[in-house]
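Structure first, then comments.
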Amino acid sequence: MTSSTSERAAREEHDATDSGKRGGRRLRRGSLTPDVIVAESLRLLDAQGADSFSLPKLGRALGADPTAVYRHFASKDDLVLAIADRLIEEAMTGLSARACWADTVAEVVRRLRATYRAHPGAASLSASRTTQRPAEMRVVNVLIGAVLQAGFEGAEAATAYRALGDFALAWAGAEAAFLALDPGLQQADRAAWTRAYLAVDRAEYPHIWQIRDDLASATDDDIFDMILSLVIDGFLARAPRPCTCAKHISPDTAAASAS
């Protein structure tokens, strides 16, 4: 570390301590760490959402000058990537490959969705990013292992993994983005199924009219389970080594596997 860098770090630590005193919260010297910053960022995003997230607010919450964050993160975007990786770490803690690769894929997707739903503000901010950090690397390794177990190789294996990963992130991220909306907007969108769609004209929209009463009863979990089953059934049908796990195989696929 150069002398100028050391001096800057010392000034930032001093500023952080002074800021903590002024804000009524004293920051103990040396207590500002990447883990502390990411944890507090996640707390703020849970409480206030992505639109209200800023380094000045983060600094006040930490009892530190906002510039002190730059001792640990090169930019706000660097911090966002660290938050994204923290979500992945939370989602995948305790994850291990299953005997059936389709079970592994389903477990990864379900875990990611649950965590993103629990932290919609942070997820809506970071779901589209590639963190290149340890938690992401670990889950990528698990998913690629599942793809290889399914019998995909080379470029096809890479494409298969990318398709699974992008599906998981896109679906979970879209749900998180919706849950991050103002509650009034969420309610207005959900109410559309019992208002606009329920009241459609039969002659103008005959197909909507036919199932209009059922549209509102489809839950988020129902929709997710349907999409996940379609994705996994598609991979089972294409995989060189499909699983024989009955719960993942449609009746037609199961009959073909048994023959």
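The values are calculated or read from the model by the stated rules, or taken from the named source; none is laboratory data. All values reported here derive from a predicted model rather than from experimental measurement. No Cβ is skipped: glycine too gets one built from the backbone with ideal geometry, and neighbour counts run over all protein chains shown. SASA here: full protein model, heavy atoms, side chains in, ligands and nucleic acids out. Shrake-Rupley method; radii C 1.70, N 1.55, O 1.52, S 1.80 Å.
How much solvent-accessible surface does Asp222 expose, in Å² to the nearest 10, with a 1.4 Å probe and all protein chains in place?
Accessible area of Asp222: about 80 Å².
In µm²/s, what is D for segment 37-85 at 4 °C and 1.567 mPa s, where D = kT/(6 pi eta Rh) by Stokes-Einstein and Rh is the Kirkwood radius from Cα pairs?
Answer from the Stokes-Einstein relation: 122 µm²/s.
Arranged from highest to lowest average of other beta-carbon atoms within 10 Å per residue, in what order do the peptides 199-211, 54-66 appear?
Result, highest mean Cβ count within 10 Å first: 54-66, 199-211.
Taking every pair of distinct Cα atoms and averaging 1/r, then inverting, what Kirkwood hydrodynamic radius in Å comes out for segment 101-177?
12.7 Å
Express in Å², to the nearest 10, the accessible area of Arg133 obtained by rolling a 1.4 Å probe over the protein heavy atoms while all chains stay in place.
Surface open to solvent at Arg133 totals about 60 Å².
With all protein chains present, calculate the accessible area of Asp182 using a 1.4 Å probe and round the result to the nearest 10 Å².
Approximately 90 Å² for this residue.
Contour minus end-to-end for Thr33 and Ala74, with contour as 0.36 nm per residue of separation and end-to-end as the Cα-Cα distance? Before the final figure, lay out each step's value.
Details: separation 41, 0.36 × 41 = 14.76 nm, distance 1.37 nm.
Result for the pair: 13.4 nm of gain on full extension.
Taking 22 Å as R0, compute the FRET efficiency from the Cβ-Cβ separation of Ala192 and Thr219 and round it to 0.05.
Values: r = 15 Å, r/R0 = 0.69.
Efficiency at R0 = 22 Å is approximately 0.90.
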